[in-house]
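Accompanying notes for the structure given below.
Just so it is clear, none of the values below were taken in a lab; they were calculated from the coordinates. Note that this is a predicted model, so its numbers are computed, not measured. Cβ: placed from backbone, ideal geometry, glycine included. Neighbour counts: every protein chain shown.
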Amino acid sequence: SFPPARSPVRVLTLAVIDMSVTPEILSYPDKGHQQWSRLESVRALFCSKYGREPDIFVRVPGRVNLIGEHVDYCGYSVCPMAVEQNIVFAAAITPEGSPFLKLVNDQAKVYPDTTVPDRKFEIDLKRDGWAAYVLCGVKGIAEILVGKSLVNMEIAVSGTVPPGSGLSSSSALVCASLLTTAQLNNVKLTKFAMAEMSASCERFIGMEGGGMDQAIAFLATRGCAKHIQFNPVRTEDVKLPSNAVFVIGHSLVTKRKAETSEYNTRVAECRLASQIIAKESGIDWEQIKKVKDLQDALSCNLEELLNLVDKHLHAGVYTKQEVCQCLGIGENELNEISLSPSTRKIKEFVLKERVTHVVTEASRVNSWLMETSIEGLGVLMTASHNSMAKDYDASDPACDRLVNSFMTAGALGARVTGAGWGGCVVALTTPDRLNQLMDHVRLDFYAGYEGDVGKVLFQSEPQSGACVIKA
Ligand code: ADP
Ligand code: NG1
Ligand code: MG
């Protein structure tokens, strides 16, 4: 249901943002600093593989989205924060005549060594695996270097963001690659430019993402979550109640989004739903690409938009043929105007439920930013989960069980985070309840888990964004 309007007491502070800021360049940490041993081990990998010292290090965090799920590609704002888990690159320029790009990973069994012989590469996820994400970032910089070619690079990669888990390991990797390539090629770009560029170039993988992950990767600041708006990317600091504590739990189910079809199917369903409502409302529907385009064209609020969803769409499945009838076009035109190469083969779409999630979720983000009570924040997070599970069909039985485990343990709210279909759940609690909550979930959801529970159930505090570290 539509969240009620709340008293307009903002928890949002407008940060003064300097749009000209480039990513931070840090000195190498002293021995004993918490980052030191990690960097030393990436350095050791680099030196052992390439027989030389790296020129630079780059570090990019993963993120947890607190609320605003599957709305970024619809044009609506989101509230993520950067997490401690990150991707670190050690990198160096190599002389002319060397292969264009060499990659090694500290998990070589899962992510094998890769050599890309020359600059004229194609990105093919099936063929290149993890290296395809790195190539996305490289291609992003190659495209803006006019009349100049990229230097040859050797890179060693280490990642602690659990992959396929909704904490955005993929974007941390793409952003680290873009920043490394920019730095080694002496290309100066602002954090905002890098956020936008990485969002575009991660699409070379084939996922039609919205830009949240790359924006928080570059624009995060230590100690606060961010409210991120799009087109163009803008951020504001979100000031949360001082007793808000976020706990992340992994459902133990992973989902590799670029290798599966659900994500892009949702992007297509939201677009088709918007176009049908636009047509029914007598506006130029071909111009409408996102739900937010529809709202802007209609100059209506989210509640009015939801009424139009109810009026013009039916529940359940639409065949492709029915969508064509609704829009008054043939299948070829639909493919051309509304669908992408990866979504043209889909034969059935769910429209009303999907766009209902998007509109109510966009509204929950607004309510969350206005909410002053920590209990109210929790209620909105759980409502977000229910909408993800029911209307968006983007949860998983394991995620639902983990949400229930957190709620039974006394969490104020809990929800699947990131794209979903597995991955992580984020729960809201307070310092006085934290230990009891962790104990309960450890004994309940993770009973019988044989790995290190500390790696799959942990508290999370907002970290800073992407940076370069001098070697
Ligand atoms: P998420 O972004 O939620 O973690 P995705 O399915 O979008 O999940 O991306 C996961 C993919 O990112 C992995 O299949 C792998 O190709 C790549 N990846 C993640 N972490 C690493 C890493 N440490 N090293 C190499 N590749 C990685
Ligand atoms: P994850 O779960 O990290 O793959 C994806 C998208 C986001 C956003 C969320 C759902 C990419 C790179 N990431 O994140 O843009 O749509 O799902 O809110 O496409
Ligand atoms: Mg991802």
Is the stretch 278-292 home to any residue that is over 24 Å from Val365 (Cα atoms), out of contact with any Ser or Thr (no Cβ under 7 Å at 6 or more places or on another chain) and basic (Lys, Arg)?
yes
Would you please name the residue that is nearest to ligand 3 (Cβ to nearest atom), looking only at residues in the stretch 143-168 that are closer than 17 Å to Ala199 by Cβ and out of contact with any strand residue (DSSP E or B) (no Cβ under 6 Å at 6 or more places or on another chain)?
Glu143
Of all the residues that make up the stretch 169-216, how many are touching a residue at least 12 places away in the same chain (Cβ under 8 Å), more than 13 Å from ligand 3 (Cβ to nearest atom), assigned to a helix (DSSP H, G or I) and over 12 Å from the mean Cα position of the chain (by Cα)?
17
Tally of residues being more than 21 Å from the chain's Cα centre (by Cα), among the polar types (S, T, N, Q) and closer than 23 Å to Gly164 by Cα across the stretch 397-450
2
Residue under evaluation Asn264, criteria (1) within 16 Å of ligand 1 (Cβ to nearest atom); (2) in contact with a strand residue (DSSP E or B) (Cβ under 7 Å, 6 or more places away or on another chain); (3) closer than 19 Å to Tyr76 by Cβ, criterion not met:
(2)
Pick out the one residue from Lys289, Lys255 that is assigned to a loop (DSSP other than H, G, I, E, B) and touching a Phe, Trp or Tyr at 6+ places or on another chain (Cβ under 6 Å).
Lys255
Flagged in the stretch 217-245 as assigned to a strand (DSSP E or B) and not hydroxyl-bearing (Ser, Thr, Tyr), in numbering order, are Cys224, Ala225, Lys226, His227, Ile228, Gln229, Arg234, Glu236, Asp237, Val238, Val245
So which residues in the stretch 65-112 are in contact (Cβ under 8 Å) with a residue 60 or more places away in the chain, closer than 19 Å to Arg256 by Cβ and of a type outside the set (S, T, N, Q)?
Glu69, His70, Tyr73, Ile87
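Residue by residue through the stretch 111-127, note down the ones that are under 30 Å from Gly451 (Cα atoms), out of contact with any strand residue (DSSP E or B) (no Cβ under 7 Å at 6 or more places or on another chain) and surrounded by fewer than 18 Cβ atoms within 10 Å (Cβ to Cβ).
Matches in the stretch 111-127: Pro112, Lys126.
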From (1) hydrophobic (A, V, I, L, M, F, W, C); (2) surrounded by fewer than 24 Cβ atoms within 10 Å (Cβ to Cβ); (3) within 16 Å of ligand 2 (Cβ to nearest atom); (4) over 13 Å from the mean Cα position of the chain (by Cα), pick out the condition that doesn't hold for Leu150.
(3)
Taking into account only those residues within the stretch 19-38 that are within 25 Å of Lys188 (Cβ to Cβ) and not hydroxyl-bearing (Ser, Thr, Tyr), which is surrounded by the most Cβ atoms within 10 Å (Cβ to Cβ)?
Pro23
Answer from Leu219, Leu240, Leu173 - the residue that is more than 16 Å from ligand 1 (Cβ to nearest atom) and in contact with a helix residue (DSSP H, G or I) (Cβ under 6 Å, 6 or more places away or on another chain):
Leu219
The correct count of residues that are under 13 Å from His250 (Cα atoms), within 16 Å of ligand 3 (Cβ to nearest atom) and out of contact with any Ser or Thr (no Cβ under 6 Å at 6 or more places or on another chain) in the stretch 397-433 is 3
